[in-house]
Amino acid sequence: MRYLCSVIVFAFLFGVCGMSLGARADIVTRARNTDDTAPIAAARPPAAATKESRVSIAVNMPLAKLETTVNQFQFVVHNKGVLAHLVSYDVQLTTGQIKVEPSGDGQFPIHLTVPFALKGTIAGSNIQESGDAALNLAVRVESDWCPIVEFSRPAVRLDDKPRPAAVTRSIPNFGDFVATNILSRELSTWTACDKLKASLGSVWRQYSITVNAPKKFYVNIRPRSFALSRVEVVGSNLRFVIAVGAQALIDTKIGNAAVGPLPPAASDPTPGSAANGDVDGAITLNLGVALP
C-alpha cells in the first residue's frame, strides 16, 4: 500500500503502453558562421525568444492495463497503535490481486477492490483475518497541483471466521477498525500532496538529446508548463489529456538539468480520445539555437 498512490499516478501521467507521436519542428532562431563546418557556438541564450514547444498526449487506456500495472507490486502495511488509550495493536496487512473497474461515480470514477490478509496482535491476542476493501479513486490537479489523488472511504468486508474473545470485546466492529485505523490512515499519509509533488518534481527537469552529425550537439528540452484534463472513465477505458510546454534549445552543452519547482498546473476541460490506440499524441517543436 505504501507505493500504491505513486504507482497509480505515474501509470496515469506517463503511460503504461506504446505511444504514437506526430512531430513538427520549426527552427525559429539560428546562428550562422562564415564557415559552415565550424562548431556550433558555446552555450548562450538565444538572440530572440523561442516560441514554446508543446507535447500533447491523449490517453484512452483500458482499465485492465492499469490493473496489470498495479498488480506488478504487492503492498504491505504495518500499523500499530493504541485504541482509546486502552487497546494496543500491532498488525500487518498484505494485499492480493487488486481489481480495477469503473465506479459509475463521476467524482471518483475508478473503483478498486482490494483483497487483503491481516495478521498480528490486538489486545494481547493473535489474529489472522482476511477480506476485501472497496473504494473509489479520483485523480485531479488544481493550480497548486493538489490534491492529485483522492480516495473515498473504504468499505471493508471480512471473511466469516471466529475471533479471540478479547478482540471481540475490545473492537466490536472489526471491519470499521480496518477501514479507519489501517486503510484510511495509510491512504491519508501516502496521498499527502507534498509527498506526491516531490515524486513528480523529481522528473520535472531538463532532458537532453545527443546528436552526432557531424559535430556533437544537444537538443536541450526544459519543461515550463503542465496541464491535465479531467480524468474520466468512459465505458471500461480511462481517458485524459496531458499537455506539457517546454523550451527547446540546440546547444553545444547539456547545461544544468534542474529547472526549478513544479509550475502552477492548468486544466483542459475536454478529455481527448486516442485515435491510434491506447495513447496518441502530437509534438510541436520550436527550436532555438544558442548564439555566440
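Taken together, the values in this text are just the output of simple stated rules run on the coordinates, not laboratory data. Every value quoted in this text rests on a predicted model; they were computed, and no experiment measured them. Methodologically, a virtual Cβ is constructed for each residue, glycine included, from the backbone with ideal geometry; neighbour enumeration extends over all protein chains shown.
Compared with the direct C-alpha span, the chain from Thr121 to Ala198 gains 24.3 nm at full extension, assuming 0.36 nm per residue. The order of Thr95, Thr252, going from fewest to most other C-beta atoms within 10 Å of their C-beta, is Thr252, Thr95.
For Lys65, a cut-off of 27 angstrom between C-alpha atoms picks up these lysines, skipping any fewer than 8 places away in its own chain: Lys99, Lys195, Lys197.
In this structure, Ala266 and Leu86 have a Cβ-Cβ separation that, at R0 = 35 Å, corresponds to a calculated FRET efficiency of about 0.10.
Using a simple spin-label model with pseudo-atoms 7 Å out from Cα toward Cβ, Ala227 and Arg157 lie 4.2 nm apart.
Under 29 Å of direct C-alpha separation, and excluding same-chain neighbours fewer than eight residues apart, Lys216 reaches these lysines: Lys51, Lys253.
Around the amide H of Ala266, modelled in the peptide plane, lie the amide H atoms of Phe226, Ala227, Leu228, all under 5 Å away and 5 or more residues distant in sequence or on another chain. Assign one of three labels to segment 64-197, namely rounded, prolate or oblate, based on the Cα gyration tensor with a ≥ b ≥ c the square roots of its eigenvalues; rounded applies when a/c is under 1.5, prolate when it is not and a/b is larger than b/c, and oblate otherwise. Judged from the Cα gyration tensor, segment 64-197 comes out prolate (a/c at least 1.5, a/b above b/c).
Set the Förster radius R0 to 22 Å, insert the Cβ-Cβ distance between Ala282 and Ser208 as r into 1/(1 + (r/R0)^6), and round the FRET efficiency to 0.05. The value I calculate is 0.50.
3J(HN,Hα) along segment 184-197: 4, 5, 5, 5, 4, 5, 8, 9, 3, 4, 4, 5, 5, 5 Hz, from the Karplus curve 6.51 cos²θ - 1.76 cosθ + 1.60 with θ = phi - 60°, whole Hz, x for Gly and Pro. Taking the Cα centre of segment 64-197 as reference, the dipole from Cβ charges on Lys and Arg (+1) and Asp and Glu (-1) amounts to some 300 debye.
Neighbour counts of other C-beta atoms within 10 Å: give me Asp105, Asp251, Asp160 arranged from fewest to most.
Arranged by neighbour count, lowest to highest, Asp105, Asp251, Asp160 become Asp160, Asp105, Asp251.
Would you mind getting me the FRET efficiency between Lys216 and Gln72? Use the beta-carbon distance for r and R0 = 35 Å, nearest 0.05. Efficiency, rounded to the nearest 0.05: 0.40. Length gained on full extension, Gln128 to Thr94, computed as 0.36 nm times the residue gap minus the Cα-Cα distance: 11.1 nm.
If the chain linking Ile254 and Asp105 were pulled fully straight, counting 0.36 nm for each residue of separation and taking away their Cα-Cα distance, it would gain 49.0 nm.
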